[in-house]
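The values are calculated or read from the model by the stated rules, or taken from the named source; none is laboratory data. The shown structure was predicted, so the numbers you read here are calculated from the model rather than taken from an experiment. Cβ placement follows ideal geometry from the backbone for every residue including glycine, while neighbour counts extend to all protein chains displayed. Quick note on the areas: whole protein, heavy atoms, side chains included, nothing else; ligands and nucleic acids left out. Shrake-Rupley method; radii C 1.70, N 1.55, O 1.52, S 1.80 Å.
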Amino acid sequence: MKTYRRLLLAACLVALATGCDAFRSLTRPRLKTAQGSPYELIVVCRQAEWTGAVGDSLRAVLTAPVPYLNQTEPHFDVLRVTERGFTGLVADHRNILKVVVDPTLEAASTAVQYNVTADPQIVLTLQGPDDASLLAYLSEHGPKIVQALEQAERDRAVVRYERFGEPVVRQAIERNFGVEIDVPKGYILAADQPDFVWARYEYPTASQGFFVYSYPYEGYGSLTAAALLAARNRFAARIPGPSEGSYMTTSEVFEPAYRIFRLEGRLWCELRGFWDVAGDFMGGPFVSYSTVDTTTGRVFTIDGYVYSPKLHKRNFVRGIEHLLYTIRFPQDPQPARQAEAQPDVQPDAQPVSRPDARPAGGR
């Protein structure tokens, strides 16, 4: 009898808790869908700062050209508004940077908020006592602000890849390499081989694709720039060009950039440069990431490329880069999500508000 009463009491508590959660979900206001295009940024800034040294510094940081693209393209497409214009759909933008000058502040800082009026949304508030403090802060921390904004875009893409994936390509990669990658819907499987999987996404005037390959690891020499480049050309030759006998290769005009970095404890080697087609006239940017799969003792590489002669390429390349953060090896406890260097922003800092400005957390 006592056992029965205990069970009945436990059931009532569970029902009560569930009911409270359901009530809170019903009464909690639903955020609107964030507006704007990927890598588009709203900067809320007074005319005095925007036309002065602070504005020049902001533009130098936010619109600096993305390296290794055929055309000059900025990190962000910046749209500037005044505080009075920061209303309606503008306030519901996906990426917002507010610039606030308040003499009562002791030093310049950056506060970050998420999903203030819309979802998904990031709102950064760059604040300081005067223009000089903001300039000094941007000089030291400008790249970290860009990184925080880019990370927000990347995290959105990763979530989208997880929710709306392409199972055929994903299964081919897992079957051949034992590695999971969340491939976004729209990719088609172009090659399915034990050591080589190629997937492509065709647009009316552009093409975006990636290929995954592996080969035996023979010591650190396998991860040098020269070794990775040779391997890339060997496997890229399996991708045919538009004319008979043509194939993809790496451009010899520009030497690819090479760097080593860690992502959640795993060592990766990056090559970034341009690809060509041997025997034809095509080309574009590429980026590849290589690591050692310690389970199989093989080098594992994912290599993405873009062909877009009439359109900008930045967002296509970013889409390829985002694939890296969905990769899961069997021995890895968690999927890669955060880069090795975190943005130097203060999630707990409170953005200031002035009488003539909207509070950072208000509508």
Exercise for the section: Mind grabbing the base-10 log of I(q)/I(0) for segment 243-291 at q = 0.17, 0.18, 0.20, 0.30 Å⁻¹? Debye formula, identical points on the C-alpha positions, no solvent, two decimal places. Expected result: -0.57, -0.61, -0.69, -1.05
Handout entry: Cα-based Rg and Dmax for segment 53-208, where Dmax is the largest Cα-Cα distance (Å)
Key = 20.5, 64
Problem - Accessible area expressed per residue, segment 232-328, with surrounding protein chains retained (probe 1.4 Å, Å²) - result: 43
Handout entry: Kirkwood-based shape ratio for segment 139-238, expressed as Rg/Rh from alpha carbons
Key = 1.06
Completion exercise
Residue separation between R59 and K310 times 0.36 nm, minus their alpha-carbon distance, gives in nm 87.8 nm
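Give the carbon-plus-sulfur fraction of the accessible surface of segment 81-159 in %, rounded to a whole number; probe 1.4 Å, heavy atoms of protein chains only.
55
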Exercise for the section: Would you mind getting me the FRET efficiency between D280 and L89? Use the beta-carbon distance for r and R0 = 41 Å, nearest 0.05. Expected result: 0.35
